[in-house]
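Just below is one structure, and these are the notes that go with it.
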Amino acid sequence: MRYLSQRYAMPYDVCKATLTDIGTEELAHMEIVAAIIHQLTRNLTPDQIIAAGFGPYYIDHTTGIWPQASGGVPFNACEFQSKGDPITDLTENLAADGAFL
């Protein structure tokens, strides 16, 4: 969502296309992770769900995939920035990806 949100303020078409491509790829990663979680949990019994510590999650979401941190905090827009300034946005992207200038 970070890259797809930032593309609208990018003044350069090539950079805008790159942000679109990266954002699309990152969403594909989420789809892969969700598919793996579904495959690993789809046949669990209620006792296995409770024993694995998934009880509260399944009470709220049953077998739906809901992105959240291990502490139970759901994904939200606070996880990324889109300031509208290309340099600020690209610097934030580097920081979020663990890269160094």
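Read the figures in this text as sums done on the coordinates, not as results from a lab. As the structure is a prediction and not an experimental result, all values here were calculated from the model. Every residue, glycine as well, gets a Cβ built from its backbone with ideal geometry; the counts of neighbours run over all protein chains shown.
At a glance:
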| item | result |
| --- | --- |
| Prolate/oblate/rounded call for segment 2-96, Cα gyration tensor, a/c under 1.5 rounded | prolate |
| Estimated dipole of segment 2-96 in Debye, rounded to 20 [Cβ of Lys and Arg +1, of Asp and Glu -1, Cα centre] | 100 |
| Cα-projected label distance for THR62 with LEU4, points at 7 Å along beta-carbon direction, nm | 2.6 |
| Selection from PRO67, GLY23, ILE49 lying farthest towards where the dipole of segment 16-101 points positive, charges on Cβ | ILE49 |
| With Cα atoms, 0 to 90° folded angle of helix 13-41 axis to the chain main axis | 10 |
| Ranked TYR12, TYR58, TYR3, criterion: other C-beta atoms within 10 Å, fewest first | TYR12, TYR58, TYR3 |
